[in-house]
1. The stretch 583-690: which trypsin sites (Lys or Arg not before Pro) are DSSP loop and have at most 16 other beta-carbon atoms within 10 angstrom?
2. What is the sum of charges, Lys and Arg at +1 and Asp and Glu at -1, for the other residues whose Cβ falls under 12 Å from the Cβ of Gly581?
3. Among Lys410/Lys438; Lys15/Lys246; Lys549/Lys575; Lys394/Lys438; Lys73/Lys373; Lys199/Lys269, which pairs are too far apart, with a Cα-Cα distance over 22 Å?
4. Could you give each residue of the stretch 606-615 its phi-based ³J(HN,Hα) in whole Hz, using Karplus coefficients 6.51, -1.76, 1.60 with θ = phi - 60°, and x for Gly or Pro?
5. Considering amide H positions built from the backbone, and no H for Pro or chain starts, which residues 5 or more places from Gly651, or on another chain, come under 5 Å of its amide H?
6. If the viscosity is 1.002 mPa s and the temperature 20 °C, what translational diffusion coefficient in µm²/s does Stokes-Einstein give for the stretch 196-296 when Rh comes from Kirkwood over Cα pairs?
7. Neighbouring Cβ atoms within 10 Å as the yardstick, rank Asp672, Asp320 fewest first.
8. Which value at 222 nm does the chain reach when only helices count, each DSSP H run of 4 or more adding -39,500 (n - 2.57), with the total divided by all residues and rounded to the nearest 500 deg cm²/dmol?
Amino acid sequence: MVPDELKITIDKALKKSADLKMSYDGDPEIRELLDLAMKIEGLARNVGTHAAAVVIADKPLTEYVPLGRVPGKQDVITQWPMGDVEASGLLKMDFLGLRNLTILSRTVQLIEQTTGKTVDPLKFPLDDKESYALLQRGETKGVFQLESGGIRDLLLRMKPDHFTDIIATAALYRPGPLEGGMVDDYVNIKHGRQEPEYKHPVLKEILEETNSIMVYQEQVMRILNRLGKIPLANAYTCIKAISKKKESLINENHDAFITGSVDNGLAEKDANDIWNLIVKFAGYGFNKSHSTAYALLAYQTAYLKAHYPIEFMAALLSSDISGRNFKRKDALVEHMEDCDRMAIEVVPPSVNHSAADFSVADGNIHFALSAIKGCGGSTAVSIEAERKKNGPYKDIFDFCERVDPAACNKSAIETLIKAGAMDEFEAHRSQLTAVIEKAVQAGAAVQADKKSGQASLFGAFEDDEAGGEQAVAAPLPEMEEWPEREKLIAEKEVLGYYLASHPLAEYEKKLATFRTHTTDKLGDVKDRGEVVLGGMISSIKFAHTKNAKVGAPSKYANFDLEDMQGAIRCIVWPKGFVDVGDRIQPDAIVLARGKVDRRGGDEANLIIDELTPLDELDTRYTHGMRLRLDEAEHDTETISRLREIVRGYPGSQELLFSMRLLEGETVHLKSDKYRVEITMELRDRIDDLLGSGHYKLLMSKPR
């Protein structure tokens, strides 16, 4: 009976709902219930914890504020809300844990390992040309705070050449400044396309570093203080009042600012204009000290990427290992692509060369064992530690005998094989997979003997004869290697990307003919926008809708459509499943027409309307054929034989000709008499007669 209205109260509900009022007046129990409810309405029903800041004081906090503990934890919190803590005069400070600080530290360690040099990021010169050139090119993947596509576009426009530009970038790249035109003004004035405007010398002194634009809270406070004669403490309160739209405080400071500005020689009209700018920009104002700290970290990471790219990218990749998403294109894969663009080789994983984290050797980055699916934590560490202690592994049996099975079980060994980390054992992946069980059992027996202290009766003699090595390697079964496609799919499963090649590479040209987008270009497509994508089906899941009408279709499907740029989750609802359900097969390559669905949040899905298998694309979307002939090469008899061939394939598709004459001119003709059905047989016969490359299919994109 209570109206579904935001912030409704019981008192308001009684006035708005006739049913509730009738029950209240006519039923004593309901009246008593609602009367009691109104007495406790608005009270806090439970204690909540808001990680607002760390509270600091000059004496024990119990002398200033009541404290408590979070239920079930040892964390100590104040019993006052953060606003009351701040109003009481206590200092609140945020301490952020940034993974970028770990990346910096790890990069410094790698540089010392590979070059012997010790570098200190705090001593990097702030006028380094290579670092600014990198920023100006927008090559800032992995650079703190400067990674997004939008901010890279801003860097390309701004062309930062001074540290103050980097400070301003973080402050400017926010919705307010972008929408208010501040960014455009900053860039245009910086590059001389627009003149700065200062109505008073004080304004020039304060705003010159940001090209006459009010960017920072500190600038607004200094203008209020130095031009309007408002004390600095009050100036801070004033900009907070403006951002929170507290009219009484705003009006009070307005009068004081106008009076002070006029006293400083400014005309009242100009003072009002400046006040209006303050009101407009104070809401956008960013804390300069905060922005400067971020800018320094951004510059340090840019410097390392510019001067020590291999070590920096190795550290960056290591930071992306935790929380990997092997079904989607994750940050680690994007940074691997960045390495490729930078001509940095990432050597495939190997149990004999890879470390637990990404490492650097011989000018290359070696793939991390812990970045392989199922090999994180103690698994990768155990493999690396045993290899460092006792040398490289000789084969899969030697590996299983030496690595603790508690750290590296059968499942982990399977993923290592799929990732190609055991390829150097000079065996097919199929052979290695076939002997896993035997190798694990043999390894477990050796490990058990070691733990019990038992040795083989002839162990000492065998060691002497074999020079301390295993005398005879266990035989591997004779069998074919996995098909290339199967190897690639296995690599993708455990690495998150295709190592050797992409199974779609050979079909990329054909898919590009028909698609409208790739998965990485869907960001600008609005909700319900129609697109055509080409890719491979994976991660299929079938289900039935609940409460379907009797006799109505209920089966539907979810699957991933992977292209060479990434993947998107697709949904085929029951009505569409009736038509295309049989085409949803693992690893099938299809063209998918559908609508982008963003209702689930930031990550888009694709609602499928149509699926077309790869082998049907030519016949379905080909509307004609153009034959290229050359009078010098193709005589009358050849053209006569061509005529007989095309007559044998009547259909509805256009037939066009391009004839190069002896004089050098080319004549284009369209046949009104002959229309054909373009089949593989027709195309083969034309190739046999004219040679390859003498026809082109005329394609139309799916609608």
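1. On the way: sites: Arg583, Arg593, Lys595, Arg598, Arg599, Arg620, Arg626, Arg628, Arg641, Arg643, Arg647, Arg660, Lys670, Lys673, Arg675, Arg683, Arg685; in loops: Arg598, Arg599, Lys673, Arg675.
Passing both the DSSP loop test and the Cβ count: Arg598, Arg599, Lys673, Arg675.
2. Here the count lands on +1.
3. On the way: Lys410/Lys438 11 Å; Lys15/Lys246 31 Å; Lys549/Lys575 13 Å; Lys394/Lys438 16 Å; Lys73/Lys373 33 Å; Lys199/Lys269 11 Å.
Over 22 Å Cα-Cα: Lys15/Lys246; Lys73/Lys373.
4. With the stated coefficients, the stretch 606-615 comes to 10, 8, 7, 9, 7, 10, 10, x, 4, 6 Hz.
5. Arg675, Val676, Glu677
6. 159
7. Asp672, Asp320
8. -13000 deg cm²/dmol
Values quoted throughout were computed directly from the atomic coordinates according to the rules given, and no laboratory measurement underlies them. Owing to the predicted nature of the structure, the values given are computational and were not obtained by experimental measurement. Don't worry about glycine lacking a Cβ; one is built from the backbone with ideal geometry, like all the others, and counts go over all protein chains shown.
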